[in-house]
Amino acid sequence: MLKSGAKVIAVCSAGINSDYNDSLWGAFHSLANLFDFKILFFNSFSDLYSYEKHDIGESNIFQLMNYEILDGVIILSETIKYKKVCYDIIEKANAYNIPVVSMDATLDGCYSVNFEYAHAMEEIIEHLIKVHHYTKINFIAGIKGNPYSEERLETYRRVLERHNIPVEEERIGYGDFWSQPTKKVIDQFIASDLPFPEAIVCANDGMAIAAFKYLQQSGYEVPKDVALTGMDGIREAMEHAPMITTSHHDYYNAVITAFKVLESLFKGERPPKQSWVSSKVLLGGTCGCQEREHKSYNTLARELYEQIDDYNHFNEIQVALAADLTDNDSFWGVFDNLTKYADNFCSDRFWLCIVDDFLSEKEVLADIIEESSFKRIGYSTRMDIMLSRENGEWQGITDFDTSVLLPKLEEVLEEENNVMFLPLHVLEQTIGYVALVFDPDIMRMNYAYQFFMNISNALETTKTHQRQQAIINNLEIKYIHDPMTGLFNRRGFYQRLEPVYNICAKESCKVLVMSVDLNGLKQINDTYGHADGDIAITTIGKALSYVASDKHTCARFGGDEFVVAGPVENDEEGEEFYKEVLAYLDRFNEKSNRPYQVSASIGYVTGTPDNGITLDEFIKAADEKMYQEKVRYHSRQGR
């Protein structure tokens, strides 16, 4: 509960660009203050029908909910097609003793507010029979087995039987709630041996509009040759010419009813488990009734052209956005360019929140190869706000505990009546979420979906480039470095030193080249094992690295052979380097307590290269001095 005493209600929904969603969101927004409720909208853009990788990423927005700060939950259950998501929300809310209201579906474990669809469908069919005296009535159902479709089909059967009209199965088809299957059903009706129907009843408006089109294409006039009705009262049906006879569902009253159920529960009362909201039949020209006044063709055409022009402009912006967001070497460039597109957030107050560590540039090759190390399903315990604007002012970057949803959320809710949370992801991998203050006069959810997916894709592309660069850097390191000692290998030695050597030759600078050979490696391997041989090799490498400065290049050429080279000021630097390496080895041998000594034969030369002396000739000269030292070493060993 907030300090003001207002209750915090989560509203969970799915889908975009729907009259259904828009009507309900608008009602929640306008009625929240009346009930002293603050709304936290959690919405996935997808309806979660397929629940494959993309839908999994979308549904993570519901994992964000913190039930400890909620007083109630309302689920727009019809919008969330994967019902396990609904039941997960109900189960978690019940664990916190938080009341849940399901709208437009009866689910176990919660209260429900449902529309009287069957009654509206019954009124439409009764109207066709009683007013127009139709007896040959066909029915286009939705998806077979879908509860809404089956309920409306059962109502059709019941009303016909009530009037002693035979139910002929050939007059029933399944249009799956969309246009293409509806066309096949219309073709079946036309090809049927039964008399052509006087009326076709559709289980939703979308199929009615599609049926009107296909009947016209087949040479049938509506309603002269056949009457047609729909269901649900969507905008396209209301503005259709002629208007589709349909039913309008009272979304505003449905939200009032849901709020009253919660209000009653907050008072300790026991409201009914199920509440019903009536729907109103709207008679249009397609059933044969007098056409009610509708917008003129010119008005509809102008509105359509305005929508097309607006959408074309939006697409142009998205193309520019995609170019700006992908033309960056870092995440900071992405966020900086996003500030130019602030209006696309469809809100005056918004927060772009990214999972913790997503922006990290410190990844090693092993982490990148191990897919599970960088895949994230769900949200991190902390989030980073990378971009936010409040009332026209850009805010600073900050991090926060994910459980609070937003820093100072309570202060925001004291000023606003809602915050909406929308997912950022690529497939099932979570990137973050956008929080914004929802304003139905500004929000265009279909535009927001495309915009936020562009942001997600840009961030993931930048992350991919970052990983690719890390792989290249790691491979380059492995390509020119000796894996055992970390020194350069032969290839890396020449790659790094040849440019330096050429500069020295050009500027007449002195160069030191030292050849180092580990003594007795074979004997150590044969006597004590290769693990000890490796210790001896790495000790030489450590000695050279310890003594060398940034100007020196140390390399292991292979086996027991090492080379050091670099510019020097004078000949004495070579002798100093030689002595310091031996001193390092002496200190190691004193402390190692190993049954063998690690030593090396070292030869070196210093000189000023000219165009006639190559680097390899310097190395050869150092090798010759090293071999002389090796001979003396063997002499001291008595062989």
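The values are calculated or read from the model by the stated rules, or taken from the named source; none is laboratory data. From a predicted model like this one, the values you see are computed outputs, not experimental measurements. Positions of Cβ are backbone-derived with ideal geometry, glycine not excepted, and every protein chain shown enters the neighbour counts. Surface accessibility is based on the protein's heavy atoms, side chains included, excluding ligands, DNA and RNA. Shrake-Rupley method; radii C 1.70, N 1.55, O 1.52, S 1.80 Å.
Data for the structure
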read-out: Student exercise, region 532-574 dipole from Lys, Arg, Asp, Glu Cβ charges, in Debye to nearest 20; value: 200
read-out: Region 196-354 - accessible surface per residue (Å², probe 1.4 Å); value: 49
read-out: Percentage relative contact order, the chain, counting C-alpha pairs under 8 Å, at least six apart; value: 12
read-out: Calculated SAXS-style log₁₀ I(q)/I(0) at q = 0.18 Å⁻¹ - region 1-137, Debye, Cα scatterers; value: -1.01
read-out: 5 angstrom amide H check on residue 387, placed H, neighbours 5+ away; value: 352
read-out: Region 406-445: radius of gyration and largest Cα-Cα distance (Dmax), Å; value: 12.3, 35
read-out: Burial ranking of peptide ranges 252-265, 619-632 (average Cβ count within 10 Å, highest at the top); value: 252-265, 619-632
read-out: Evaluated over region 74-145, the Cα radius of gyration and Dmax, each in Å; value: 17.7, 56
read-out: Sorted largest first, extent of region 75-222 alpha carbons per principal axis (Å); value: 59, 32, 22
read-out: Table column - 3J(HN,Hα) (Hz), region 409-423, Karplus curve with 6.51, -1.76, 1.60, x for Gly and Pro; value: 4, 4, 5, 4, 6, 5, 9, 10, 9, 6, 9, 10, 10, 10, x
read-out: Amide proton proximity set for residue 141, modelled H, under 5 Å, gap of 5+; value: 173, 174, 175
read-out: Positive-end residue, region 124-172 charge dipole about Cα centroid, Cβ charges, pick of 163, 149, 128; value: 128
read-out: Proximal lysines relative to residue 463, as straight alpha-carbon distance under 29 Å, when same-chain residues fewer than 8 apart are discounted; value: 53, 340, 362, 375, 478
read-out: Net charge, residue 342 excluded, C-beta distance under 14 Å - Lys, Arg +1, Asp, Glu -1; value: -3
read-out: Relative contact order, percent, region 2-50 [alpha-carbon distance under 8 Å, six or more residues apart]; value: 55
read-out: Diffusion constant of region 161-207 at 37 °C, which comes from Stokes-Einstein with the Kirkwood Cα-pair radius and 0.692 mPa s, µm²/s; value: 282
read-out: 5 angstrom amide H check on residue 115, placed H, neighbours 5+ away; value: 104, 277
read-out: Magnitude of the charge dipole, the chain, Cβ model with Lys/Arg +1 and Asp/Glu -1, debye to 20; value: 1260
read-out: Region 391-427 and region 508-553: distance between their alpha carbon centers, rounded to Å; value: 57
read-out: Over region 368-480, volume per residue of the alpha carbon convex hull, in Å³; value: 135
read-out: Principal axis box of region 137-260, alpha-carbon based, largest edge first, Å; value: 53, 32, 25
read-out: Spatially proximal lysines relative to residue 260 (Cα-Cα < 25 Å; intrachain offsets below 8 disregarded); value: 3, 7, 38, 83, 92, 273, 280
read-out: Fraction in percent of alpha-carbon pairs per bin - 10 Å, region 566-619; value: 19, 38, 25, 15, 3
read-out: Fraction of the pair-distance distribution of region 455-524 above 14 Å, Cα-Cα pairs, percent; value: 75
read-out: Ratio Rg/Rh, restricted to the chain and using Cα atoms, in which Rh is the Kirkwood radius; value: 1.23
read-out: Fraction of accessible area attributable to carbon and sulfur, the chain (%, probe 1.4 Å); value: 48
read-out: Per-residue ³J(HN,Hα) for region 21-37, Karplus 6.51 cos²θ - 1.76 cosθ + 1.60, θ = phi - 60°, Hz, x for Gly and Pro; value: 4, 4, 5, 5, 4, x, 5, 4, 4, 7, 9, 4, 5, 4, 9, 6, 10
read-out: Qualifying lysines (Cα of each under 20 Å from Cα of residue 213; at least 8 residues distant if same chain); value: 183, 184, 224, 295
read-out: Selection from 23, 385, 265, by position along the positive dipole direction of the chain (Cβ); value: 265
read-out: Distance between modelled label sites at residue 310 and residue 151, nm, 7 Å Cα→Cβ extension; value: 3.2
read-out: In Hz, Karplus ³J(HN,Hα) per residue of region 469-482 (6.51, -1.76, 1.60; θ = phi - 60°; x = Gly, Pro); value: 5, 5, 5, 4, 4, 5, 5, 5, 4, 5, 5, 10, 10, 7
